[in-house]
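What follows is calculated from the coordinates using simple rules that are stated; it is not laboratory data. The model shown is predicted, which means the values in this text are computed figures rather than measured ones. Every residue, glycine among them, receives a Cβ derived from its backbone with ideal geometry; neighbour counts consider all protein chains shown.
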Ligand code: BGC
């Protein structure tokens with residue numbers, strides 16, 4: 001990778017110990033832009049040894065190419081050896097042109113689309129000065145109370161890995177020195193999404209078997225795709241915070257997976273070893289993290305204040321420091337920074353690319369393909385010649401639909417629902433009424449009455465509900481994941497006034513929609529769709545686009561069902577099958593049972609897809625052989641559409657309890673009106689492997705089933721045997 005012939009070892013040989021340690025420190029851009037003498041305020045109270053400032057190796061949280069260049073120029077001029085900084089940033093769902101949140105993108109089940117989105121973000125971001133992005137976030141999740149589920153692809157490890165690897169390849173390209181690309185950093189290793197009770201930063205206790213089977217595969221898929229960097233997670237895993245967890249970072253990551261890229265701590269994670277109660281001594285925290293393989297300290301005082309001292313007193317060898325520094329210098333070399341410290345970034349490029357037509361078009365398409373039609377009694381799509389249209393609800397004309405981690409995206413760039421419909425139907429008579437406060441905490445009876453009156457006078461109503469953006473994302477967990485505030489009551493009022501009401505949702509997680517599902521004729525989930533959200537929603541509602549997204553994280557019937565996920569282990573007393581329904585002593589909940597309201601893989605279309613058949617070319621195989629599965633799906637409608645054909649596997653009897661089903665393949669296919677698609681999958685023995693009680697990755701001979709359809713609606717289940 002990379003064309004540079006720069007001699008990093010010769011540079012290293014010239015560096016003092018302090019200069020070397022500096023390369024292992026990452027500080028916010030706001031700090032770096034200053035000079036040593038200027039250090040007052042936050043950096044001083046942060047307790048950082050400001051004499052280290054000129055040596056700092058990388059930075060984050062800067063704003064655009066102008067600032068990047070100014071900081072880079074100043075830094076390189078002041079640094080004795082003129083070593084460029086690396087500029088890093090979180091580009092989670094777009095740089096300036098914002099595409100849907102990752103949970104939505106997962107719902108598109110389209111890795112090519114994810115690739116397109118990531119490529120455009122890489123171009124924009126790189127033009128804006130970003131050289132490394134803290135993406136992809138591939139934490140596996142089962143609990144929608146956790147706010148960061150919006151950054152993930154949901155509850156399936158296979159889908160997570162496919163989407164993670166696609167992002168790595170798209171961001172990095174073949175050469176990270178190419179100004180259209182940048183280095184990627186997979187995060188948060190490991191199992192950050194397993195936070196107990198869905199509370200952010202909470203402790204994680206997960207067996208090794210479960211870690212390896214569900215939580216690890218996506219990180220590993222990103223490493224196999226060649227990701228440059230990795231970020232350990234904030235949480236403690238089985239009693240030890242990731243940054244200090246030797247089993248995780250040494251045994252698994254380095255020795256087993258042979259990851260030799262740059263490891264960067266999460267924001268102040270080294271400092272947080274104190275709050276975790278692992279050590280009250282910042283120097284000891286620095287030693288622990290460094291010896292455990294963390295190369296760069298993001299925003300704690302640990303490395304800056306103590307690493308050099310740890311070397312001088314003989315606790316850490318200078319060779320070890322050299323190894324880590326060389327990795328950082330090699331990253332700079334691979335990015336081509338010794339030749340071009342701006343990595344091709346320029347104001348002109350940033351301006352030309354950000355929000356350009358082509359990128360907005362990709363963002364719009366991504367928002368359309370990520371939307372999930374959860375329910376439709378036939379009122380959608382709405383006719384375009386509708387005369388009087390009422391747009392009601394807190395999201396009726398709300399541009400705050402970017403979603404958390406919107407990077408440089410701006411609220412004012414986003415098209416609201418109203419703006420989208422106006423663009424599509426310039427002559428329609430549209431009345432807009434918020435119905436209740438944007439932040440959902442006012443009862444607003446007057447607005448209710450007004451909403452009901454407007455609804456009753458309209459030919460069709462679009463009721464726009466959801467969560468405020470700040471209810472999901474980092475630090476934003478919810479104990480109750482129903483629609484916030486008075487929105488269910490507003491929905492009752494509006495739907496009672498006009499039955500021709502379609503609900504559109506904007507949200508960062510699966511919500512509890514039991515009440516809404518009972519009364520709403522149609523529900524279209526847009527998630528947080530980004531810059532082009534309103535345009536995409538309008539095209540979907542009026543049939544210019546056909547919904548094709550599928551749920552990737554179960555929608556519970558009640559918050560108390562969390563964690564809820566389709567691929568759960570069999571129990572000895574299930575309550576899933578007709579014969580179990582009268583069992584009093586069964587694994588279920590009184591009142592709401594144990595099925596999701598909208599399970600994994602569910603999502604409707606305006607087309608009518610009929611699964612005609614599923615055929616296996618053989619009913620047994622041995623290792624080294626494969627079974628071809630052919631599924632035929634007919635589009636029994638007069639509208640072309642896309643269907644995600646899903647293949648599930650169940651291992652009926654094994655030495656450890658197996659999930660009741662696991663997704664082992666999916667393909668999104670476009671099927672013309674009245675046409676039939678034939679989709680084939682190959683099933684091989686490695687796809688049947690699992691971790692046994694001793695954590696050996698094995699397949700065991702016996703009977704398996706394959707099914708298509710979606711999680712709680714399996715069709716054409718057929719069995720086959722794996723022979724010894
Ligand atoms: C988040 C990371 C992010 C980092 C830098 C942390 O708070 O957990 O995901 O990459 O900040 O912005």
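Quick notes
- Taking the inverse of the mean reciprocal distance over all distinct Cα pairs, the Kirkwood hydrodynamic radius of the chain comes to 26.8 Å.
- Placing a label point 7 Å from the Cα of residue 638 along the Cα-to-Cβ line, the residues of the stretch 365-386 whose backbone N sits under 19 Å from it are 378-386.
- Considering the stretch 372-561 at the alpha-carbon level, its Rg and Dmax are found to be 15.2, 46 Å.
- Highest mean packing first, where packing is the average number of other Cβ atoms within 10 Å per residue, the peptides 394-401, 278-285, 511-518 line up as 394-401, 511-518, 278-285.
- Principal-axis tilt of helix 357-370 within the chain, Cα atoms, nearest 10 degrees: 60 degrees
- Between the stretch 508-550 and the stretch 555-604, the alpha-carbon center distance in angstrom: 24 Å
- Here the spin labels are modelled as points 7 Å beyond Cα on the Cα-Cβ line, and at residue 357 and residue 14 they lie 4.9 nm apart.
- Length available on full extension from residue 518 to residue 697: 0.36 nm per residue minus the Cα-Cα distance, which gives 60.0 nm.
- Spin-label zone in the stretch 339-372 - amide nitrogen under 19 Å from a point set 7 Å from the Cα of residue 712 along the C-beta vector: 372
- Cα→Cβ-extended label distance, 7 Å offset, between residue 207 and residue 449, nm: 6.0 nm
- Where only DSSP H runs of four or more residues are counted, the chain gives -8000 deg cm²/dmol as its mean residue ellipticity at 222 nm, each run worth -39500 (n - 2.57).
- Efficiency of FRET from Cβ geometry, residue 429 and residue 196, R₀ 56 Å, rounded to 0.05: 0.60
- Alpha-carbon gyration tensor eigenvalues x 5, square-rooted, for the stretch 533-655, Å: 31, 26, 13
- Coarse-grained scattering of the stretch 609-722 at q = 0.14, 0.17, 0.20 Å⁻¹, given as base-10 log I(q)/I(0) from a Debye sum over alpha-carbon atoms: -0.59, -0.80, -1.02
- Spin-label model distance (nm) - residue 175 vs residue 255, 7 Å beyond Cα toward Cβ: 3.8 nm
- Euclidean distance of C-alpha centroids, the stretch 225-257 and the stretch 199-223, integer Å: 10 Å
- Computed on the Cα atoms alone, the convex hull of the stretch 1-149 gives a volume of 165 cubic angstrom per residue.
- The length gained on full extension between residue 411 and residue 626, counted as 0.36 nm times the residue separation minus their Cα-Cα distance, comes to 72.3 nm.
- Quarter the surface of the alpha carbon convex hull of the stretch 213-356 and you get the mean projected area, 11.4 square nanometres.
- Extent along principal axes [Cα atoms of the stretch 618-674; Å; largest to smallest]: 49, 24, 14
- Between the helical axis of 487-497 and the longest alpha-carbon principal axis of the chain there is an angle of about 30 degrees.
- The chain - share of DSSP beta bridges that are antiparallel (%, nearest 5): 55 percent
- Per the Debye formula on identical point scatterers at the alpha carbon atoms of the stretch 350-447, with no solvent, log10 I(q)/I(0) at q = 0.12, 0.14, 0.18, 0.23 Å⁻¹ is -0.53, -0.72, -1.13, -1.40.
- Net length gained if the chain between residue 80 and residue 544 were fully extended (0.36 nm per residue, minus Cα distance): 161.1 nm
- Angle in degrees between helix 282-291 and the longest Cα principal axis of the chain, rounded to the nearest 10: 80 degrees
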